[in-house]
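Okay, structure first, notes after.
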Amino acid sequence: MTLDRWAALGQPRPRALPLSPAGRAQLSHLTELRDLDSPGAAARIGAELAGERTLAPDLLGVRPWLPRDLGPRAVPAALLRSEWTGFLALLGEHGPWVYAPDVRAVQRLSAAYGALVTAAQAVAEEVALQAAQAAVARAPHWTLLPRLEAVPYRQPRRGAATAGALLEQEAAFWTLAADLAQAAHAAWQARRTGG
C-alpha cells in the first residue's frame with residue numbers, strides 16, 4: 001500500500017538505490033554547477049542536460065513568464081533570454097535544479113534545501129509520505145520529498161518535524177526560488193528597456 005502511494009508521487013521504487021556514507025553527506029550539497037554566460041553556453045548546456053527529467057519542471061514551475069511546454073534542451077536559452085547570466089545548479093543528487101544570478105543566491109537556495117533534507121531525515125516514513133502528498137497536491141513540481149525517497153536516507157528520531165512542518169519547509173524553498181527568479185527577471189527586463 002505504501003509503495004503504491006509513493007508510486008503515485010513519481011517514486012515507484014522507494015529506497016531502491018544504495019546510499020553510502022559519502023552519498024548521505026552529499027544529499028543536499030551541490031552536485032552540478034554550470035555557468036550560463038552566453039548563448040553558446042546555453043546551447044551546450046541544453047544539449048548536455050537534455051535527458052534531465054526534473055530540470056524543466058523545477059525551473060519552469062517558479063517562472064510563470066516562460067512557456068510550460070519547454071523541454072530541458074530549450075530551458076537554458078530561455079533562462080538566459082529572460083533573466084540574463086547566472087548559475088544553473090543541481091542541489092544534491094536527488095534535489096532540485098535551480099537557476100540563480102550569483103553565488104550568494106545559489107548558497108541561499110542550497111541552505112533552504114539543506115534545511116528540508118535535514119528535517120526530512122529525522123521523520124518516519126508516514127510523516128514523509130503525508131508531507132510529500134500535500135506538497136504535490138499544492139503544486140505538481142513540488143516533488144523534493146518523493147525524490148529523496150529514492151535512497152534510504154531517513155533515520156527517524158523522536159521529536160522530529162511534523163508533516164505540516166516539512167510541507168512548510170518545501171514551500172519555503174520554492175518561494176525563495178520563485179522570488180529570486182522574479183527579481184532576476186524584473187532586473188533584466190528593466191536593463192533591456194532602459195527602465
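How much mean residue ellipticity at 222 nm does the chain get from its helices, if each DSSP H run of length 4 or more adds -39500 (n - 2.57) and you divide by all residues, to the nearest 500 deg cm²/dmol?
-17000 deg cm²/dmol
Measure of size requested: the Rg and Dmax of the chain, with Cα atoms as the atom set and Å as the unit; please supply both.
Rg, Dmax (Cα atoms, Å): 16.9, 57.
Work out the P(r) tail for the range 1-74: percent of alpha carbon pairs separated by more than 20 Å, whole number.
53 percent
If I take every Cα pair under 8 Å that is 6 or more residues apart in the range 1-89, average their sequence separation and divide by the length, what percent do I get for the relative contact order?
Rounded, it is 34 percent for the range 1-89.
Can you give the FRET efficiency to the nearest 0.05 for A16 and E125, using r as the Cβ-Cβ distance and R₀ = 22 Å?
With a Förster radius of 22 Å, E is 0.95.
Tell me which chymotrypsin sites (Phe, Trp or Tyr not before Pro) from the range 19-127 have a DSSP coil assignment and no more than 16 other beta carbons within 10 Å of their own.
Passing both the DSSP loop test and the Cβ count: W65.
Given a 1.4 angstrom probe, I'd like the percentage of the accessible area of the range 105-195 that is carbon and sulfur, rounded to a whole number.
56 percent
Of all the C-alpha pairs in the range 71-186, what % are more than 21 Å from each other? Don't skip to the answer; put the middle values down first.
On the way: 2612 of 6670 pairs.
Of all Cα-Cα distances in the range 71-186, 39 percent exceed 21 Å.
Could you estimate the translational diffusion coefficient of the range 147-191 from the Stokes-Einstein equation, with Rh from the Kirkwood formula over C-alpha pairs, at 4 °C and 1.567 mPa s, in whole µm²/s?
97 µm²/s
Once Lys and Arg get +1 and Asp and Glu get -1 on their Cβ, which of G23, L55, Q11 lies farthest toward the positive end of the dipole of the range 1-95?
Positive-end residue among those listed: Q11.
Quick check: residue separation of A183 and E32 times 0.36 nm, minus the Cα distance between them. What number comes out in nm?
Going from the current span to full extension adds 52.1 nm.
What's the magnitude of the charge dipole for the chain around its Cα centre, counting Lys and Arg as +1 and Asp and Glu as -1 at the beta-carbon? Answer in Debye, nearest 20.
Working: 20 positive and 17 negative charges, 6 e Å.
Here the size comes out at about 20 debye.
Nothing charged except the Cβ atoms of Lys and Arg (+1) and of Asp and Glu (-1): what's the magnitude of the dipole of the range 87-147 about its Cα centre? Round to the nearest 20 debye.
With Lys and Arg at +1 and Asp and Glu at -1, about 200 debye.
Give the distance, in whole Å, between the Cα centre of the range 73-88 and the Cα centre of the range 101-126.
The range 73-88 and the range 101-126 have Cα centres spaced 23 Å from each other.
Taking only protein heavy atoms into account and a 1.4 Å probe, give the accessible area per residue of the chain in Å².
Accessible surface, normalised per residue, equals 47 Å².
Any idea what the relative contact order of the chain is, in percent, if you count C-alpha pairs under 8 Å spaced at least 6 apart?
Relative contact order of the chain: 28 percent.
Just in the range 126-195: which trypsin sites (Lys or Arg not before Pro) are loop by DSSP and have at most 15 other Cβ atoms within 10 Å?
Sites meeting the loop and neighbour criteria: R157, R158.
What spacing in nm lies between the two simple spin-label points modelled at D69 and A47, each 7 Å away from Cα in the Cβ direction?
My value for the distance between the label points is 2.5 nm.
If I model a spin label as a point 7 Å beyond the Cα along the Cα-Cβ vector, how far apart are those points for A25 and A190 in nm?
Simple spin-label model gives 4.2 nm for this pair.
The values are calculated or read from the model by the stated rules, or taken from the named source; none is laboratory data. Given the structure is predicted, the values throughout are model-derived calculations rather than measurements. All Cβ positions, glycine included, derive from the backbone under ideal geometry; neighbour counts span all protein chains shown. In case anyone asks, the SASA skips ligands and DNA or RNA and just uses the protein heavy atoms, side chains included. Shrake-Rupley method; radii C 1.70, N 1.55, O 1.52, S 1.80 Å.
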